[in-house]
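Just so you know, all these numbers are worked out from the coordinates, no wet-lab data involved. Just so we're clear, the structure is a prediction, and the values are computed from it rather than from any experiment. Note that we place each Cβ from the backbone using ideal geometry, even for glycine, and neighbour counts take in every protein chain shown.
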Amino acid sequence: MSDFLQFVVAGLSAGAVYALVAMGFVAIFSVSGVINLAQGEFAAIAGLSALSFTDAGVPLPVAMLLALLVVAVVAVLMQRLAIAPVRRMTTLVSIILTLGVSTALKALLLLIYGPQGRGLAPLPGSDLVIGGVSVRAQELWILGITAVVAVAVAVFYDRTVLGKALRACAEQPVAARLVGISPKAAATVAFAVAGLLGAVAGVLASPIQLTQWDSGLLLGLKGFVAATLGGLVSIRGAVLGGLVLGVLESLTAGYVDSGYRDAVAFVLLIVVLVARPGGVFGRHAEARV
Amino acid sequence: MSAEQGVEAVDLQAGYGRIEVLRGISVAAAPGEVVAVVGANGAGKSTLLRALSGLIAPTAGRVRLGGADVTGRGPEAIAAAGLAHVPENRLVFPTLTVDDNLTLGAWTRRRDKAGLRERRERVLEYFPRLADRLAQAAGTLSGGEQQMLSIGRGLMARPSVLVLDEPSLGLAPRVVREIFATLGRLRTEEGLAIVLVEQNVRAAFKVADRATVLDRGRVLLEGVPKDLLGDDRVQQAYLGGGYAVS
C-alpha cells in the first residue's frame, strides 16, 4: 500500500509539470487553432536560462522569475515572427511551422549550453516522510505552485475582461473581430501566457529531471498528450490530463517496468484519439478554456 | 439622402477570391434612418455588410463612415470608428454569460467604466428580457433572446451606425415584431443609421424608411417601401408566395 502511495505521489508531481505544459497548449490552441510543438522548448529555455542566472550569482527565486520573463519574450517573438506572418494558418501548417521553430530552438540551445544536462538547485525545505511515503520538498513545491498557477489561469479566463476576450476569440472569432478584439493581439497574449506556463514547468522540473538542450522534446510531447486528454480546449481538462498521465506513468514504471514509462503517454494518446477524439474530460463544446 | 454622418457605400465591389459578388453597389443610411436591403439568396446582401464592416476588403469603391473614408480598414478599426455589425446567426459567445457578452461588446470603449454601466442600463431598457438572464450562459438563450443579445452587444460600443444581417432568421413572428419595433426605437431615440438586410421583406419594409433591392450584385430598385411593394418585380420575386403577413 505504501508502495502504491509512493508511486502516486511521485506521479502527481511529474503530472503537475505535464499539466503546466498542457495548459500552455490549450492557451494557444483555443485562441488561434495553432498546435505549438515548441511548447516543450519553453520549459527547456526556462530551465537553462535560470541556470545561467544562478551561475551569475542571482538568487534562485529571482533567477526563476527572470527565466519566466525571458521565455515570455521568446514566446511573443515566436508568435510575431513565425506565426503572425502566415496568411492562412491551419492546424496542419501550424504543426509543421512550430516543429521547425522547435528544432531551431533546440539547435540554438545546444550551441549555447552544450549537450550536458544540469539541474537547478531545489527550492528550500526539508523532505518529509508521511505514513511511510517520502515526499521531497521540491515535489511539494511543484504541487503547490502548480495548484496556484492553475487557479490563477482559471481566474484569468473566468473573471478578467482580457481572459474573457480571449475566450470570445476562441468561441466566435468573427464576432470577436466585429466587437473590435484583434485576433493578432489575442494570439500574442495567448503565446505570452503559454510561454509563462511552459517556463514555470521548466524551472520547477529542473531540480528533479535535469535540464538539457533537448529536454523539451519529451516534456512537450507528454504535455500535448495531457492536453489532448482534455480535448485541447479545456484548462481543467489539461490539468486533469497531466495528473492522470503522471500517475499512470509512475504506476507503470513501479509495477511493470520502468522502461515502459515513456510508452504510457503514447499508448494513451492512441487510445484517446481513437475512442474519444473530443477529449476524455468534459463535453467538448462546454469545455473551451 | 446624403449620409455625411451615417454610412455610405459608393460603387462598392467585393467578393471572395476570384468570385465577384458585389458589382458596384451604392447604398447609404443617414442618422435616424432605417434602410432595408432585400434580395434573393446570393444577391450579395451579407457580402455588402461584410464589406461595410471590414470583414472583407472591397476590390473597388469607397466606404464612408461618419464622413470619414474607412475603405480597406479592418473590422477592429471600423468597429472603433462607430459601426456595429450584428452578424448572421447572431454569433453570441456561447459559454460566456449574457453580462460578459455585453461587456465585450464595449471592448473598443473598455476603459470608460462609468460609460459602460450607463450603456448597459440603456441596452437592458431596450431589451428587458436580457435583464433576467444576465448570469446565464449566452448559448442557453432562445433564438430570439440570442438575437436581442447580439444587437445589444453591438449597441454597447455606442455606435453611430448599426448594420444587421437577417435578424429575423428562424424567429417566431411575434419575436420578429418585438425586435423590429426596438429597431424603430433605436432609430428615433438614438438617432442611429441602420442598414437592415432581410429575407423577411414585409417585416423589413414595415420599419424601413427607404429600401434597396439587390439582384446578382447590383442595385435593382431603390425607393420608399410603400412604392416598392407596389412594384410588380418586387411582388413577384419576394412577395408572391405564401408569406405570412406579420
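In summary, the helical segments of chain A meeting the span-like criteria, namely a full DSSP H run, a Cα extent along the axis of 18 angstrom or more and a mean Kyte-Doolittle hydropathy of at least -1.0, are A:2-32, A:39-55, A:60-78, A:91-113, A:137-159, A:183-209, A:215-229, A:235-251, A:261-275. Just the number, please: Stokes-Einstein D of chain B in µm²/s, Kirkwood Rh from C-alpha pairs, 10 °C, 1.306 mPa s. Diffusion coefficient, whole number: 88 µm²/s.
Shielding value for B:48-55 is 1, the average number of Cβ atoms from other chains within 10 Å of each residue's Cβ. Applying the Kirkwood pairwise sum to the alpha-carbon positions of the range A:143-283 produces a hydrodynamic radius of 16.6 angstrom. I need the shape label for the protein assembly as shown. Rule: rounded when a/c is under 1.5, else prolate if a/b > b/c, else oblate, with a, b, c from the alpha carbon gyration tensor. Cα axes put the protein assembly as shown in the prolate bin. Summary value for chain B: 27 percent relative contact order, contacts being C-alpha pairs under 8 angstrom separated by 6+ residues.
Over 20 Å apart at the Cα level, from the set A:Lys164/B:Lys45; A:Lys184/B:Lys45; A:Lys106/A:Lys184; A:Lys106/A:Lys222, are A:Lys164/B:Lys45; A:Lys184/B:Lys45; A:Lys106/A:Lys184. Within the listed set A:Ala192, A:Ala56, A:Ala75, the Gaussian network model of chain A (springs between alpha-carbon atoms below 10 Å) gives the highest mean-square fluctuation for A:Ala56. Against chain B, whose longest principal axis comes from its Cα atoms, helix B:143-155 is set at around 80 degrees.
Between the Cα long axis of helix B:173-190 and the first principal axis of chain B there is an angle of about 80°, rounded to the nearest 10.
For the range B:54-100, applying the loop criterion from DSSP together with a ceiling of 15 other beta carbons within 10 Å to the trypsin sites (Lys or Arg not before Pro) yields no site. Scanning residues 5 or more positions from B:Thr97 or on other chains, those with amide H under 5 Å from its amide H are B:Ala138, with H placed 1.01 Å from N in the peptide plane.
Between A:Val239, A:Val153, A:Val203, the Gaussian network model of chain A with springs among Cα atoms under 10 angstrom shows the greatest mean-square fluctuation at A:Val153. Straight-distance candidates among the aspartates and glutamates for linking to B:Lys226, with alpha-carbon spacing under 16 Å and chain neighbours fewer than 8 residues away dropped: B:Glu33, B:Asp209.
Here the Gaussian network model covers chain A, with springs between Cα atoms less than 10 Å apart; of A:Ile142, A:Ile181, A:Ile130, A:Ile130 fluctuates the most.
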